[in-house]
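**Q** Sharing a structure, written as structure tokens. Questions coming.
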Amino acid sequence: MWTNENRTRYDRSKLRYPSDVTDAEWALVGPLIPPAKRGGGKRTVEMRAVVNGLMYVLSTGCQWRAIPKDLPPKSTVHGYFYLWTYDGTLDRIHHALYVKCREAAARSNASPRPSSTLQIKGKKRHILVDTIGLLLHALVHPADIQDRDGGVLVLRTMFGKFPFLQKLFADGGYQGPPFRDAQKKALPFVDTEIVKRSDAAKGFKVLPRRWVVERTFSWLGRCRRLAKDFENLNRKALAFLHLASIRLMLRRLCNQV
């Protein structure tokens, strides 16, 4: 929680750019970056500078060619972003940090829920989060796919990655046999609970669990690169979503008391 007492923990004014990773954050992410491949020329670029360049683009939403001159050139930063997207490095970093966050929270089990998707022009970001709001799995798909069908795609692409899942919370957009049958086929040992608004309710009413995923979207939305659909490929849009979640978990881990 942001208070006057812990304000200094979140102060990044002493960094070159507020988006740069701190020493503590780099100590977590640095060892997860694969070394240079054997053969060929020796790697000369500094990996921390590359990560800072990616975080700058993510946080400010700037064009690749607008990266400041004191960061690695556009071709280098974009090249590693492209490489780490295709070789699974971003996914491995995200999973490793997620495990650390769960251990720090001292929780071994989670009840996930798929979101009401966040729609931007031409695309939908479909995410699955745990009960403390950390991103478990995500998918970016065309906006003409209904939430129910998008939720099925999310579950089918998890490939048993989180065997500890026990219960799935979903809103009314996921009710009905199609989603229920698909969920039982993809995750047979998970129970689904549909969180619906009461017919007797009047005006605004906070629904149980519904706010958790909306809060996660708000956290991720602090990254200006996610404010609009800048990416031509869904794969790159998903990569920036994972990068925003990595940024969130790094700061959470390093700001703990």
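**Q** (1) on the phi < 0 side of the Ramachandran plot; (2) out of contact with any His (no Cβ under 9 Å at 6 or more places or on another chain); (3) at pLDDT 85 or above: which one isn't true of Ser108, the others all being true?
**A** Only one criterion in (1) on the phi < 0 side of the Ramachandran plot; (2) out of contact with any His (no Cβ under 9 Å at 6 or more places or on another chain); (3) at pLDDT 85 or above is unmet by Ser108, namely (3).
**Q** Among the listed residues Arg38, Arg102, Arg65, Arg43, which satisfies the condition of being out of contact with any Leu (no Cβ under 6 Å at 6 or more places or on another chain), closer than 28 Å to Gln183 by Cα and of a type in the set (D, E, K, R)? Quick ask: steps written out before the conclusion?
**A** Details: Arg38 fails: closer than 28 Å to Gln183 by Cα; Arg65 fails: closer than 28 Å to Gln183 by Cα; Arg43 fails: closer than 28 Å to Gln183 by Cα.
Every option except Arg102 fails the conditions.
**Q** Is one or more of the residues making up segment 150-164 more than 21 Å from the chain's Cα centre (by Cα), farther than 19 Å from Thr216 by Cα and among the polar types (S, T, N, Q)?
**A** No, there is no match, as no residue in segment 150-164 is more than 21 Å from the chain's Cα centre (by Cα), farther than 19 Å from Thr216 by Cα and among the polar types (S, T, N, Q).
**Q** Could you grab the pairs with beta carbons closer than 7 Å, sequence gap of 6+ or different chains, first residue in segment 18-42 and under 17 Å from Tyr56 (Cβ atoms) and among the acidic types (Asp, Glu), second one at pLDDT 95 or above and surrounded by 18 or more Cβ atoms within 10 Å (Cβ to Cβ)?
**A** Asp20/Asn52; Asp20/Met55; Glu25/Leu250
The values are calculated or read from the model by the stated rules, or taken from the named source; none is laboratory data. This one's a predicted model, so the numbers in the text were calculated from it and none came from an experiment. Neighbour counts run over all protein chains shown; Cβ positions are idealised from the backbone, glycine included.
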